[in-house]
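Notes follow the structure.
The values are calculated or read from the model by the stated rules, or taken from the named source; none is laboratory data. Remember, predicted model here, so these are calculated numbers, not experimental data. Quick reminder, even Gly has a Cβ in these numbers, built from the backbone with ideal geometry, and neighbours come from all protein chains shown. Surface accessibility is based on the protein's heavy atoms, side chains included, excluding ligands, DNA and RNA. Shrake-Rupley method; radii C 1.70, N 1.55, O 1.52, S 1.80 Å.
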Amino acid sequence: MIAPTLTTARLTLSPPRLSDFGDSMTMWADPLVVKHVGGRAFTEEESWTRLMRARGLWDLLGFGYWAVRETATGRYVGEVGFADLRRELEPSLYGLPEMGWVLAAWSHGQGFGTEAVGAGLAWIDQALAPEVVPCIIDVENAASLALAAKMGFVIKTHATYKGSPIVVMERRRR
């Protein structure tokens, strides 16, 4: 599948490109950004693997991640999308389009998360209409927990993933 480009009032969500790598790597190396995503800066290799995975998901699964940029300036805002990561997690999320998002520190608190996540959810509702879209969030990530709730996700359970406590949330089709 060719990944669509989505637009909102302020953002453009595009399939990841090679030209996104520098901005993505910088974001994933920022301690503020990764505080609730593993807790350590990602290496160049890990960031490269994330970029390749984000792009490849579209061909394999028909959904994936977008690189998010501020339309007016072209500034890198972050990454939003869906994946089936086959996580070793109970409850299992296998086969489900698990939603995820990460935003560059400079963009926090400006409503970009609401816009980008909303655009992604609107796309998947229309394109694939899954019964359930799950997400997992670190229990201490208050901003992401609030964003998920705002977007219609509800807590399904608490779990542990890679030794860290998380909240498993889900959004059911309306």
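Odds and ends about this structure:
- Output for segment 123-145, where each listed residue is under 25 Å from LEU32 (Cα atoms) and open to solvent by 60 Å² or more (accessible area, probe 1.4 Å): GLU140, ALA142, ALA143
- Against the numbered list (1) at pLDDT 95 or above; (2) surrounded by 15 or more Cβ atoms within 10 Å (Cβ to Cβ); (3) not hydrophobic (A, V, I, L, M, F, W, C), SER47 comes up short only at (1).
- When GLU79 is tested against (1) in contact (Cβ under 8 Å) with a residue 12 or more places away in the chain; (2) over 21 Å from GLU170 (Cα atoms), exactly one condition is not met: (2).
- The sole residue among GLU170, GLU131, GLU70 that is modelled with pLDDT of 95 or more, under 15 Å from the mean Cα position of the chain (by Cα) and either among the hydroxyl-bearing types (Ser, Thr, Tyr) or farther than 16 Å from ALA3 by Cα (or both) is GLU170.
- For segment 160-174, the tally of residues that are open to solvent by 20 Å² or more (accessible area, probe 1.4 Å) and either more than 13 Å from GLY100 (Cβ to Cβ) or assigned to a helix (DSSP H, G or I) (or both) stands at 9.
- Where SER92 falls short, out of the listed (1) closer than 27 Å to LEU11 by Cα; (2) surrounded by fewer than 19 Cβ atoms within 10 Å (Cβ to Cβ): (1)
- Note on segment 24-40: among residues that are under 14 Å from ARG69 (Cβ atoms) and under 16 Å from the mean Cα position of the chain (by Cα), the one that is surrounded by the fewest Cβ atoms within 10 Å (Cβ to Cβ) is SER24.
- Residue in segment 102-109 that is within 18 Å of THR7 (Cβ to Cβ), open to solvent by 10 Å² or more (accessible area, probe 1.4 Å) and in contact with a helix residue (DSSP H, G or I) (Cβ under 8 Å, 6 or more places away or on another chain) present: yes
- Some residue of segment 147-154 being open to solvent by less than 30 Å² (accessible area, probe 1.4 Å) and either touching a residue at least 60 places away in the same chain (Cβ under 8 Å) or assigned to a strand (DSSP E or B) (or both): no
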